[in-house]
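Working notes, structure below.
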Amino acid sequence: MPLSARSQHSTLTQFLIEERRKYPGASGDFNALILDIALACKAIARGVAFGELGQVLGDHKTGDGASVNVQGEAQKTLDVLSNQAFIRRTEWAGNLAGMASEEMEHPYQIPTQYPRGKYLLVFDPLDGSSNIDVNVSVGSIFSVLRGPEDGRDVQEADFLQAGTRQVAAGYAIYGPTTMLMLTLGNGVQGFTLDPNLGEFMLTHRNIQIPPDTHEFAINASNSRFWEAPVKRYVDECLAGKTGTRRKDFNMRWIASMVAEAHRILMRGGVFMYPRDTKDPSKAGRLRLLYEANPVGMIMEQAGGRASTGEKPVLDVAPTSLHQRIGLVFGSRNEVERIERYHSEPAQAEEHNPLFAERSLFRF
């Protein structure tokens, strides 16, 4: 890329400095934290890019065999390395009171040799890691909250804040290019990693999600467990121009929420991982604090909507660190339609030859 083309874009550092100038009393701690998070994402991007050449693929092994996280899921080697990258890049600077991660059962305490700050960091260090071995896009998700400022050890209760109280949220996606999508509560900005400079450059300003769409994403293998409003919505999408929606839809599913969120942020769509009856003991599949809330904030700040299917996900009061929840997000009009279907009385199933006995989506 010519030097003149690069100079047209602000760096992440420049963007943060410009934002800080709007608040003369700001200490700079927040900017420093965001830059440390960005540095962790750069380190992870490098590990992902090397793949097998870096000997980082496959399950993480311990003396007892493959390791398992608090969710009961097998950890990939890159899960563990990505978690360490977030910790090591952010624990030392005095900006954090503590942090929490998908890969750690309990809150992480800032070591005593480092000063403690006023923010909390929650993160999923490598979302979609089951795709690593097949070279499909993965990413990291993070959320910044205000924490205790008295220097004490953090407790789980400190993290149990509704999504509306997030100070910032973002994700990095490690695909053909590495991008960092960030909201500080006043819109969503997209930064692309320049591999020559090693800098995130501001390439997408004030991203807006189209309110309407013809794409939806859902794991169809769970169709037999869906609740009636979700079945109704998917049936209508699949009926296309011959159905009540009078337009054709495309269905997507990547099994990486970061990749799904990024596609929706760039061109619209709706993502559904709703509550279902597959495991009645779980209120959903995705984690509220470090998956649903940060992605929800990004969607809302970009003019979209994020919901449990029944109400805004950012309004949910968390009850535990690793709480699960159903999640629907994306183009506002589609998400609001799904919410409306949840609030309406259940409809009798209409006869439609598209969904006869041999149909994939016969319920």
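The values are calculated or read from the model by the stated rules, or taken from the named source; none is laboratory data. For clarity, every value in this text was computed on a predicted model and none was experimentally measured. Every residue, glycine as well, gets a Cβ built from its backbone with ideal geometry; the counts of neighbours run over all protein chains shown.
Among residues that are surrounded by 15 or more Cβ atoms within 10 Å (Cβ to Cβ) and in a loop (DSSP other than H, G, I, E, B), PRO115 is not included.
In region 100-116, the residues that are free of Cβ contacts under 8 Å to residues at least 60 places away in the same chain reach residues that are small (Gly, Ala, Ser) and surrounded by 23 or more Cβ atoms within 10 Å (Cβ to Cβ) with C-beta atoms within less than 8 angstrom, at least six apart or across chains, in these pairs: TYR108/GLY98; TYR108/ALA100; TYR108/SER101; GLN109/GLY98; ILE110/ALA97; ILE110/GLY98; ARG116/ALA97; ARG116/GLY98. Among the residues making up region 159-182, those that are over 21 Å from THR308 (Cα atoms) and either assigned to a strand (DSSP E or B) or among the aromatic types (Phe, Trp, Tyr) (or both) are ALA172, ILE173, TYR174, THR178, MET179, LEU180, MET181, LEU182. Take the conditions (1) touching a residue at least 12 places away in the same chain (Cβ under 8 Å); (2) at positive phi; (3) exposed (fewer than 13 other Cβ atoms within 10 Å of the Cβ); (4) not acidic (Asp, Glu); THR277 misses just one of them, which is (2).
Residue count for region 209-224, restricted to those that are touching a residue at least 24 places away in the same chain (Cβ under 8 Å) and not in a loop (DSSP other than H, G, I, E, B): 8. Pairs linking a residue in region 8-34 that is more than 17 Å from GLY147 (Cβ to Cβ) to a residue that is assigned to a loop (DSSP other than H, G, I, E, B) and hydroxyl-bearing (Ser, Thr, Tyr), with Cβ atoms under 9 Å and 6 or more positions apart or on different chains, are GLU18/SER10. Return a yes/no flag: does region 291-312 have any residue that is basic (Lys, Arg), within 30 Å of GLU156 (Cα to Cα) and not in a strand (DSSP E or B). Looking through region 291-312, at least one residue is basic (Lys, Arg), within 30 Å of GLU156 (Cα to Cα) and not in a strand (DSSP E or B). In this entry, THR203 passes the filter for residues that are more than 25 Å from LEU96 (Cα to Cα), outside any loop (DSSP other than H, G, I, E, B) and modelled with pLDDT of 95 or more.
Number of residues in region 212-224 that are farther than 30 Å from CYS41 by Cβ and surrounded by 15 or more Cβ atoms within 10 Å (Cβ to Cβ) equals 3. The residues of region 239-262 that are surrounded by fewer than 21 Cβ atoms within 10 Å (Cβ to Cβ), in contact (Cβ under 8 Å) with a residue 40 or more places away in the chain and in contact with a helix residue (DSSP H, G or I) (Cβ under 7 Å, 6 or more places away or on another chain), listed by number, are ALA239, GLY243, ILE254, ALA255. Scanning region 153-164 for residues that are surrounded by fewer than 21 Cβ atoms within 10 Å (Cβ to Cβ) and over 14 Å from ILE110 (Cβ atoms) turns up GLU156, ALA157, LEU160, GLN161, ALA162, THR164. Has region 137-152 got any residue that is β-branched (Val, Ile, Thr) and either loosely packed, with under 14 Cβ neighbours inside 10 Å or free of Cβ contacts under 8 Å to residues at least 40 places away in the same chain (or both)? There is no residue in region 137-152 that is β-branched (Val, Ile, Thr) and either loosely packed, with under 14 Cβ neighbours inside 10 Å or free of Cβ contacts under 8 Å to residues at least 40 places away in the same chain (or both). For first residues located in region 284-305 and of a type in the set (D, E, K, R), partners that are assigned to a helix (DSSP H, G or I) and lie 6+ apart or on another chain with Cβ distances below 8 Å form the pairs GLU291/MET257; GLU300/LEU314; ARG305/MET299; ARG305/ARG332; ARG305/VAL335; ARG305/GLU336.
Would you please name the residue that is modelled with the lowest pLDDT, looking only at residues in region 49-70 that are under 28 Å from PRO111 (Cβ atoms) and surrounded by 14 or more Cβ atoms within 10 Å (Cβ to Cβ)? Across region 49-70, the extreme among qualifying residues is HIS60.
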